[in-house]
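Beneath this line is the structure, given in C-alpha cells, with notes to follow.
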Amino acid sequence: MPFREIARELQGKAANLAVRLPIAWVNLLAGAPVNVDGRTLDVRAQWLIEVLGRSGQPPVERTSVLEARANYDAFMLEMGGRPAPIGEIVDRTIDGPGGRMRVRVYRPAGAVARLLPAILYLHGGGWVMGSLEGYDLVSRYFCARSGCVVVVPDYRLAPEHRFSAGLEDSIAAFRWLARDATDLGIDPARLVIAGDSSGGNLAAAAALRLREDERQACLQWLIYPVTDLGFETASYRSCGAGFLLTRAAMEWFRGHYLNDLAEVADPLASPLRATDLAGLPPALVYTAGFDPLRDEGKAYADRLTAAGAKTIHREFESLTHAFVGFRGTIHSAARAMDDMVAGLRHELAQLGR
C-alpha cells in the first residue's frame with residue numbers, strides 16, 4: 001500500500017478514535033461551546049473539527065481531484081459505523097447519456113411484499129467526489145432502516161464531465177427505474193428521488209425536469225441540498241468557515257462543476273432560481289445548523305410549500321454538513337439519520353390514503 005494511502009487510513013482511524021472518547025473527555029478537550037446564530041454545535045462534532053484541524057490534512061481546495069476523491073471515500077467509510085445488514089446487493093449497468101452507467105441496487109432483508117418502494121439515491125461530494133464504494137455504508141443503512149430498495153447510480157463526475165452531465169445521468173437512472181420497476185420488484189408508484197448536498201441538488205433539479213414525465217417521483221428526499229450556487233445567504237456568512245464545509249470548498253466544487261459562472265442562474269444548477277415550482281412532488285427537506293447551505297435549503301422548502309407541494313422541513317441545529325457520513329462516530333448524527341428515515345417511512349405510508 002502506498003505511503004499516502006497508509007497515512008490517510010491512519011488519520012481516519014485516529015480521528016474516529018478521538019471522537020469516540022468518553023463524553024466527559026470530549027467535553028474537556030473540545031473547549032468552550034461554539035454558538036452561531038442562536039445554535040450550539042454538538043460537542044463531538046466540535047471535537048471532530050478540532051481533531052481534523054490538527055491532523056495536517058490540507059483542505060479540499062488545496063488538493064488534487066484524485067486526492068480529494070480518495071480522502072472523501074476513506075473518510076465516509078471510516079466514520080460511517082458498522083455495515084447495516086441487508087438482503088442483497090447487485091451491480092448492474094444501464095444505458096446512460098454518456099454510455100453504459102453502473103448502478104448499485106440494495107434490497108432489504110426479509111421483505112415479503114412483491115413490490116417494494118425504492119429510493120433513487122444520488123450521492124454527495126460536490127459533483128467532484130463520491131462513489132458507490134464511498135457511499136456503501138450510507139446506502140446500506142438507508143436500505144435496512146427504510147425497508148426500501150435503494151438504487152445508487154454512478155453518475156459522471158466533474159471536472160471530467162461538467163454541468164449538466166451528472167444531472168442527465170440522474171434523470172436517465174430515474175427513467176430506467178420507472179420503466180423497469182416491476183421487473184426489479186419495485187412499486188412504480190412509490191419511487192423516491194433523494195440525495196445529500198450536491199446529490200440533493202441533482203435530485204431537486206431532476207424533479208424539475210421530470211415533472212412533465214408520465215411517471216414522477218412520489219417524494220423528494222433532500223438532505224442539506226445545494227439549491228443556489230450564488231453563495232449569497234446569511235448562513236454562508238456565519239458558517240462559511242470552520243465547520244467542515246466551507247465557502248472556499250464550495251467555490252472549488254463550483255469551479256469544477258460549471259462550464260461558466262453564467263450557469264449559476266440556470267435553474268437546473270440552482271433550483272431555487274426556478275421561476276415556477278408548481279407540479280413538483282412532495283418533499284422532505286433536512287438541513288444542518290452549522291452549514292453554509294442551511295438557509296438555501298430552508299428557502300427551497302419554503303418555495304415548494306408556496307408552490308403547493310406538501311413540504312416538511314427540519315433543521316438538525318447542532319450538526320454540521322455531511323452528517324450522513326458520521327453515523328458511527330457522532331451520536332446526534334445517528335439520531336438524525338434515524339429521524340430522517342422515520343419521516344420517509346411515514347410519508348410513504350400515507351400514499352394512497
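Read-outs throughout are calculated quantities, based only on the coordinates presented, and are distinct from any laboratory measurement. Fair warning: this is a prediction, and the values are worked out from it, not measured in the lab. Cβ sites come from the backbone with ideal geometry, for glycine too, and all protein chains shown count toward neighbours.
For the reader, a short list of remarks on this structure follows.
- Trypsin sites (Lys or Arg not before Pro) restricted to segment 95-189 and DSSP loop, no more than 15 other C-beta within 10 Å: 114
- For the chain: rounded, prolate or oblate by the Cα gyration tensor [a/c cutoff 1.5]: rounded
- Applying 1/(1 + (r/R0)^6) with r as the Cβ-Cβ distance of residue 35 and residue 67 and R0 = 56 angstrom yields a FRET efficiency of 0.95.
- Separation of alpha-carbon centers, segment 140-211 and segment 297-349, rounded to whole Å: 18 Å
- FRET E, pair residue 247, residue 115, Förster distance 56 Å, beta-carbon r, rounded to 0.05: 0.80
- Highest GNM mean-square fluctuation among 200, 98, 81, for the chain modelled with Cα contacts below 10 Å: 98.
- Residue 54-residue 278 pseudo-label distance in nm [points 7 Å out on the Cα-to-Cβ vector]: 5.7 nm
- Cα gyration tensor shape of segment 32-90, rounded if a/c is under 1.5, else prolate or oblate by comparing a/b with b/c: oblate
- Whole-Å semi-axes of segment 230-353's equivalent ellipsoid (Cα gyration tensor): 25, 22, 12
- Angle of helix 3-19 to the longest C-alpha principal axis of the chain, folded into 0 to 90 degrees and rounded to 10: 80°.
- Peptides 44-51, 31-38, ordered by how many other C-beta atoms sit within 10 Å of their residues on average, highest first, read 44-51, 31-38.
- FRET efficiency for residue 331 and residue 183, using Cβ-Cβ distance with R0 set to 25 Å, rounded to 0.05: 0.05
- Normalised contact order of segment 139-267, rounded percent, pairs of Cα under 8 Å and 6 or more residues apart: 22 percent
- The angle between the Cα long axis of helix 331-350 and the main principal axis of the chain comes to about 10°, on a 0 to 90 degree scale.
- With contacts taken as Cα pairs under 8 Å at a separation of at least 6 residues, segment 249-331 carries a relative contact order of 28 percent.
- Relative contact order [Cα under 8 Å, 6+ residues apart], the chain, whole percent: 17 percent
- Averaged over residues, the count of other Cβ atoms within 10 Å places the peptides 226-239, 261-274 in the sequence 226-239, 261-274, highest first.
- By definition, a body whose alpha carbon gyration tensor gives a ≥ b ≥ c is prolate when a/c is 1.5 or more and a/b is larger than b/c, and segment 133-286 fits this prolate description.
- P(r) tail fraction, segment 179-244 - alpha-carbon pairs more than 15 Å apart, %: 63 percent
- This model, with +1 at the C-beta of Lys and Arg and -1 at the C-beta of Asp and Glu, gives segment 145-204 a dipole about its Cα centre of some 140 debye.
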